[in-house]
Amino acid sequence: MLRTPGAVRDAERWTAHNYHPLPVVVSCAEGAWLTDVDGRRYLDCLAGYSALNFGHRHPKLIEAAHAQLDRLTLTSRAFIHDQFADFCKELAELCGKDLVLPMNTGAEAVETGIKVARKWGYQVKGVTPGQANIVVAEGNFHGRTTTIVSFSTDEDARADFGPYTPGFTVVPYGDLDALAAAIDENTVAVLLEPIQGEQGVVVPPEGYLPGVRRVCTEQNVLFIADEIQSGLGRTGATFACEHEGVVPDMYLLGKALGGGIVPVSAVAANADVLGVLKPGQHGSTFGGNPLACAVATEVVRLLATGEFQRRSAELGERLHGGLQALVGKGLVAVRGRGLWAGLDIDPALMTGRQACERLMERGVLAKDTHGSTIRLAPPLVITEEEIDHAVAQLAAILAA
């Protein structure tokens with residue numbers, strides 16, 4: 001007797017419906033593969049929205065977690081623990097920044113970035129008190145807190161959660177002229193995803209990010225790059241900004257930083273920016289806890305070798321080559337970089353949800369977004385053969 005239907009019913013009965021998951025109930029995983037409660041295996045082509053860049057249960061990350069579990073898991077930031085300085089130092093060096101502020105979730109990192117930018121604006125730039133504004137982009141996804149959804153353009157994320165937090169100006173993504181025009185004397189930051197993930201892996205026009213960097217420098221405005229999904233190897237470089245030689249004033253990091261084991265996020269910036277925070281002005285009980293630092297330090301060391309960035313770049317070429325061959329054969333468009341792709345399916349064939357359900361039936365897991373678009377973000381440990389398998393299954397459902 002199959003266990004999946006009952007487990008799905010129980011989940012539906014006891015949880016609020018904030019997600020619409022596929023009807024698969026995972027019980028264990030290894031590398032790029034998941035196994036459900038009935039023993040069926042699936043190729044994971046979502047990787048926890050990039051939280052599992054190093055695959056499920058990477059041996060070095062599991063070893064680091066086990067070792068730390070036997071010693072110390074939490075102190076709160078009331079004390080310093082022996083994993084803290086190494087993590088902050090090694091992540092700062094990876095980012096090329098002076099300082100790191102560890103937090104837990106991506107949304108918490110974004111909120112921290114917003115608070116730091118405002119404080120920097122008042123204390124360093126001299127913005128009129130209470131008037132700081134931040135320029136953001138249409139189609140953004142930075143999290144789901146009340147402040148963040150206040151500047152979302154996705155009505156599902158935003159509707160009925162007002163009153164909304166002021167202090168944000170929304171401009172079209174990729175439109176440098178609109179962004180420059182939106183900056184005024186009270187603008188403290190531009191907050192952007194270098195590639196928009198939730199919107200469907202949207203890569204901005206060539207020259208856009210360097211243009212943003214130039215405008216921010218000229219106008220004395222912080223450039224904050226939300227690399228929570230795009231960073232840490234996903235696009236074939238440590239950070240997606242690197243593809244155009246851009247260095248932001250502040251990195252917002254998360255997801256893969258926790259190695260798929262614990263939630264870890266961080267803000268990285270130079271001392272003239274992060275240094276505006278003083279004790280008691282911002283904090284987090286679990287931020288930078290010993291277990292998180294132990295795992296995340298090992299993540300940083302894996303990235304420091306460059307192996308995973310190279311894998312993403314090389315295997316990404318294979319993935320995108322296979323997907324481009326399907327344009328006109330059920331796919332309308334393919335976007336992305338490295339092992340990250342947004343696919344627009346011909347809406348006359350099926351919705352994105354239907355495509356993901358049909359892929360699931362063929363043993364491949366992906367996620368839909370915005371109607372007929374699906375996203376692929378397999379773990380960076382995936383093999384050439386597994387990529388070819390995933391593309392073949394996609395081709396099969398498009399031809400059915």
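The values are calculated or read from the model by the stated rules, or taken from the named source; none is laboratory data. This one's a predicted model, so the numbers in the text were calculated from it and none came from an experiment. Cβ: placed from backbone, ideal geometry, glycine included. Neighbour counts: every protein chain shown.
Of all residues in region 17-51, those satisfying the criterion of being closer than 29 Å to SER230 by Cα, assigned to a loop (DSSP other than H, G, I, E, B) and not aromatic (Phe, Trp, Tyr) are HIS17, ASN18, HIS20, PRO21, LEU22, PRO23, VAL24, VAL25, ALA32, CYS45, LEU46, ALA51.
Within region 70-82, one or more residues are aromatic (Phe, Trp, Tyr) and surrounded by fewer than 19 Cβ atoms within 10 Å (Cβ to Cβ). Those strands (runs of 3 or more DSSP E) of region 308-400 that lie entirely within it include none in which at least 3 residues are more than 20 Å from ALA47 (Cα to Cα) and in contact with a Cys (Cβ under 6 Å, 6 or more places away or on another chain).
May I ask you to say which residue of VAL136, VAL170 is closer than 18 Å to TYR208 by Cβ, buried (at least 16 other Cβ atoms within 10 Å of the Cβ) and without any contact (Cβ under 8 Å) to a residue 40 or more places away in the chain? Talk me through it step by step, then tell me what you get.
Values: VAL136 fails: without any contact (Cβ under 8 Å) to a residue 40 or more places away in the chain.
Result of the check over VAL136, VAL170: VAL170.
Every residue in region 28-61 that is of a type in the set (A, V, I, L, M, F, W, C) and over 25 Å from the mean Cα position of the chain (by Cα), please. Write out each step before concluding.
Residues of region 28-61 that are of a type in the set (A, V, I, L, M, F, W, C), as a first pass: 28-29, 32-34, 37, 43, 45-47, 51-52, 54, 61.
The answer is VAL37, and nothing else.
Take the conditions (1) buried (at least 22 other Cβ atoms within 10 Å of the Cβ); (2) β-branched (Val, Ile, Thr); (3) not assigned by TED's automatic domain parsing to the domain that holds ALA157; VAL299 misses just one of them, which is (3). Restricting attention to region 210-266, the residues that are touching a Ser or Thr at 6+ places or on another chain (Cβ under 6 Å) and among the hydroxyl-bearing types (Ser, Thr, Tyr) total 1. Screening VAL136 with (1) outside the structural domain of GLY371 (by TED's automatic domain parsing); (2) under 30 Å from LEU22 (Cα atoms) gives one miss only, at (2).
Considering ILE148, ILE134, the condition of being under 18 Å from VAL170 (Cα atoms) and out of contact with any strand residue (DSSP E or B) (no Cβ under 7 Å at 6 or more places or on another chain) is satisfied by ILE148 alone.
Can you tell me how many residues within region 341-385 are within 22 Å of ASN53 (Cα to Cα), more than 23 Å from the chain's Cα centre (by Cα) and charged (D, E, K, R)? The total comes to 2. For region 62-88, the set of residues classified as under 22 Å from the mean Cα position of the chain (by Cα) and either assigned by TED's automatic domain parsing to the domain that holds GLY260 or closer than 21 Å to LEU252 by Cα (or both) consists of PHE87, CYS88, listed by residue number.
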